[in-house]
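See structure below.
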Amino acid sequence: MSLTADVKAELIAVRDPRPTARVAELTALLRFSGGLHSIANRVAVEAELDSDVLARRVARELLEIYGVRPELVHVQGSGGRSAGHYAVRVIEGGETLARQTGLLDQRRRPVRGLPNKLTTGSRGDLAAVWRGAFLAAGSLSEPGRSAALEITCPSSEAAMALVGAGHRVGIPAKAREVRGIPRVVVREGEAIRAALATMGAERAASDWDQMRQRREVRAGVNRLVNFDDANLRRSAQAAVAACARVERALEILGEDVPDHLREAGTLRLAHRDASLDELGHHADPPLTKDAVAGRIRRLLAMADKKAEADGIPGTESAVPAGIEE
């Protein structure tokens, strides 16, 4: 199962016994899954849902709360809904139901956003609104840089109403339009976990958070490994370049190398992977790393000066192509 399917399966099983919460969830579900239609010049309420279990639950709620027995239809997939979907339709008494749920106002005009009584309800009612909206048109992507909890909205007004309801229960949602379709989006790991928990998907919230933390730890380890690899690569290249220049310097100077500079150069070539501090410990008597660095620097400078005077390539000419110092 996908993450979205897991969340919806858990939310379908959530049953808030309070009448106002049941009405809020059902109304939001109807609003975000289809809403109002005109069939044979009559107002019909129709919800298009992606699972048989959810469709049957909506039908049961309509019967228990409003005494309406809807029609259930399995619609074969086409276009973007290749798996098919389920339609819950109320034609006979559809206008009455639309008025009762607040999908129609007192002047028989469709409500563009959400009924005001829903967006000003209690915290439990607002959580139920989000639960119904997600069941109707929600999706959850995997943790990562583009992780998001999204709800596709029937109108920009509905999106803004859902955002407002979310802010009242601590869900930092934002409304945006993607390819002309209004959406409500929750990003960032902690905000998504909070949204899932608020809707009632406690298990999904915990699982998603654990998955997010595992990915963050793995990403952190990968960054450290890459960092260490880069440092090792730079150190290895620097050692190759330094040894190549020292070899060329000793070659250019020949017998003219002062003993203390020759000793420093010889140490560098004898211990190619050693740090300057380690080279100092190998010297007899021991030297500080600054002393070793200074002697090698003077060796190279002396060789480059002689090479320039003699008109021959200097020490840098010995560094292999592609190696950075």
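The values are calculated or read from the model by the stated rules, or taken from the named source; none is laboratory data. Remember, predicted model here, so these are calculated numbers, not experimental data. Positions of Cβ are generated from backbone atoms using ideal geometry, with glycine treated the same way; all protein chains shown enter the neighbour counts.
I'd like to check something: does the range 180-194 contain any residue that is surrounded by 16 or more Cβ atoms within 10 Å (Cβ to Cβ), within 18 Å of Ser33 (Cα to Cα) and more than 20 Å from the chain's Cα centre (by Cα)? The answer is yes, given that some residue of the range 180-194 is surrounded by 16 or more Cβ atoms within 10 Å (Cβ to Cβ), within 18 Å of Ser33 (Cα to Cα) and more than 20 Å from the chain's Cα centre (by Cα).
Taking each residue of the range 62-77 that is surrounded by 13 or more Cβ atoms within 10 Å (Cβ to Cβ) and looking for partners that are among the aromatic types (Phe, Trp, Tyr) and not in a loop (DSSP other than H, G, I, E, B) with beta-carbon atoms closer than 9 Å, six or more apart or interchain, yields Leu72/Tyr86; Val73/Tyr86. Of everything in the range 307-321 that is part of a helix (DSSP H, G or I) and crowded, with 16+ Cβ neighbours inside 10 Å, the residue that is farthest from the chain's Cα centre (by Cα) is Ala307.
Inspection of the range 269-289 identifies no residue that is over 54 Å from the mean Cα position of the chain (by Cα), of a type in the set (Asp, Glu) and surrounded by 13 or more Cβ atoms within 10 Å (Cβ to Cβ).
Considering each residue of the range 232-252 in turn, at least one proves to be surrounded by fewer than 17 Cβ atoms within 10 Å (Cβ to Cβ), modelled with pLDDT of 85 or more and farther than 30 Å from Pro143 by Cβ. Contact map, the range 120-147: first residue free of Cβ contacts under 8 Å to residues at least 24 places away in the same chain, second residue assigned to a strand (DSSP E or B), Cβ cut-off under 6 Å, separation 6 or more or different chains; the map is empty. Taking residues in the range 189-217 that are without any contact (Cβ under 8 Å) to a residue 12 or more places away in the chain, and partners anywhere that are part of a helix (DSSP H, G or I), the pairs with Cβ atoms closer than 7 Å and at least 6 places apart or on different chains are Ala197/Ala205.
Applying the set (1) under 18 Å from Ala205 (Cβ atoms); (2) outside any loop (DSSP other than H, G, I, E, B) to Glu177 leaves exactly one unmet item: (1). Would a scan of the range 102-115 turn up a residue that is in contact (Cβ under 8 Å) with a residue 60 or more places away in the chain and under 31 Å from the mean Cα position of the chain (by Cα)? Yes.
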